[in-house]
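Below is one structure, written out as structure tokens, with a few remarks after it.
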Amino acid sequence: MKGLGRSIRYWFFYMEQTFLVLLAVGAIVSTFQVYMLGEETANKVVSAYIPMMGCISIIAILMSAATYFIPQSLSSGGTRKEIFAGMELVVHGILFQMLLIAIVLQRIFYPNNSSINLISICTIQYLFCCGIGNLLCAASLKFGAKSGMVIYIIVVVVIAVGMTMVSISTVPGKKAFITIEESYQGIEYIILLGSILLDIIMMAGCYLSIRKYEVR
């Protein structure tokens, strides 16, 4: 248990720093957009950036874990089980922090709008990105950092485009391809179950990669 506690503290220290930096960047970009487009677009900016920044944060954290923190932890004498458990606990803790932010923003920007459930949307997308992040982590450990970085760039681009397409447009007078409520209506529970299963399967794959990983 002492080893697990040290692992959790280690991952929390480094992952929380990355998370806060990315959150600050998202807040700055969102504030700038609201300033440029007007306060009436604030709720639309939130609906686009909160899911997108949470997804990118989770994936970026797991990518940095594979390229730097896991090798460093193993070199320092940490066991593979402790490293993996600490990493996953802290990653899902950050997911929970992002959901708390979504809950607060839901109450501020959509207090009487039942058609837009920012919390449900974020839960599904964050769990999905935990699965993708674990996949990238496993790929980086198995095939090298360069291969993982190529996949990471592709995933980030897809997420950024996807979040724009399924969000309410931030440009007055224009509408995105499909809105948030249209993209999830009636199938939330199916998508949520799929995201949970993906997360579990990719966690297992990531653990197998860590078990077989050798520090070079």
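The values are calculated or read from the model by the stated rules, or taken from the named source; none is laboratory data. Computed from a predicted model, the values in this text were never measured in an experiment. Here Cβ is always computed from backbone atoms with ideal geometry, including for glycine, and neighbour counts include all displayed protein chains. In case anyone asks, the SASA skips ligands and DNA or RNA and just uses the protein heavy atoms, side chains included. Shrake-Rupley method; radii C 1.70, N 1.55, O 1.52, S 1.80 Å.
Structure values in brief
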item: Approximate spin-label separation Val156-Thr31, in nm, with each point projected 7 Å along Cα-to-Cβ; result: 2.2
item: Efficiency of FRET from Cβ geometry, Ile196 and Val21, R₀ 35 Å, rounded to 0.05; result: 0.80
item: Residues Ser147 and Arg80, FRET efficiency given R0 of 30 Å [Cβ-Cβ distance, rounded to 0.05]; result: 0.90
item: Accessible surface of Phe69 - all protein chains present, 1.4 Å probe, nearest 10 Å²; result: 20
item: Segment 90-152 shape via C-alpha gyration tensor axes, a/c threshold 1.5; result: prolate
